[in-house]
Amino acid sequence: MAKVLKAAAAVLTGVALLSTVATADVKKGKRVYMKKLKAPCGFNGAKFAIKHTQDEWEKIKGAGKMKEEIVKICPHAKKVVSKLRDKYVNDVYDFAYEYASDSGNVPSC
């Protein structure tokens with residue numbers, strides 16, 4: 001009985017840790033947007049993310065055109081986007097996907 005309880009506790013701990021990691025990229029994407037892209041874009045992250053649905057963001061990311069789409073939405077951010085590392089672009093994608101127009105979620109930025 002004690003082994004079963006320990007195993008259950010380990011599984012619950014693992015699930016809790018994994019769910020925290022899954023939301024970390026969205027939060028990091030929000031920070032990247034706020035720090036690097038908000039000023040050149042001229043609008044908040046909510047307006048940026050609702051430019052597309054989740055499916056559209058997914059297609060853009062899958063085609064490898066995330067940087068181009070950011071520049072298309074925010075033309076004044078071209079210089080900033082060219083310097084963004086791919087890791088940060090992926091975080092911005094996670095942010096945009098989470099708060100897309102059809103997600104029902106609204107960021108606080």
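The values are calculated or read from the model by the stated rules, or taken from the named source; none is laboratory data. Computed from a predicted model, the values in this text were never measured in an experiment. Ideal geometry is used to build each Cβ from the backbone, glycine not excepted, and the neighbour counts take in all protein chains shown.
Filtered by the rule that a residue be within 16 Å of Asn44 (Cα to Cα) and surrounded by fewer than 19 Cβ atoms within 10 Å (Cβ to Cβ), the range 81-101 gives a lone residue, Ser101.
When you check Gly104 against the structure, is it surrounded by 20 or more Cβ atoms within 10 Å (Cβ to Cβ), of a type in the set (Gly, Ala, Ser) and modelled with pLDDT under 95, yes or no?
Working: surrounded by 20 or more Cβ atoms within 10 Å (Cβ to Cβ): no; of a type in the set (Gly, Ala, Ser): yes; modelled with pLDDT under 95: yes.
When the stated conditions are applied, Gly104 does not pass them.
Going through the range 81-99 one residue at a time, which ones are farther than 14 Å from Glu68 by Cβ, in contact (Cβ under 8 Å) with a residue 12 or more places away in the chain and in a helix (DSSP H, G or I)? Answer for the range 81-99, where residues must be farther than 14 Å from Glu68 by Cβ, in contact (Cβ under 8 Å) with a residue 12 or more places away in the chain and in a helix (DSSP H, G or I): Tyr88, Asn90, Asp91, Asp94, Phe95, Tyr97, Glu98. Here Arg85 meets the list (1) within 15 Å of Gly29 (Cα to Cα); (2) touching a helix residue (DSSP H, G or I) at 6+ places or on another chain (Cβ under 9 Å) almost entirely, failing just condition (2). Looking across the range 47-58 at every residue that is out of contact with any Phe, Trp or Tyr (no Cβ under 6 Å at 6 or more places or on another chain) and assigned to a helix (DSSP H, G or I), the one that is nearest to Lys36 (Cα to Cα) is identified as Phe48. Within the set Lys30, Lys61, Lys67, Lys38, the sole residue that is without any contact (Cβ under 8 Å) to a residue 24 or more places away in the chain and either surrounded by 15 or more Cβ atoms within 10 Å (Cβ to Cβ) or part of a helix (DSSP H, G or I) (or both) turns out to be Lys67.
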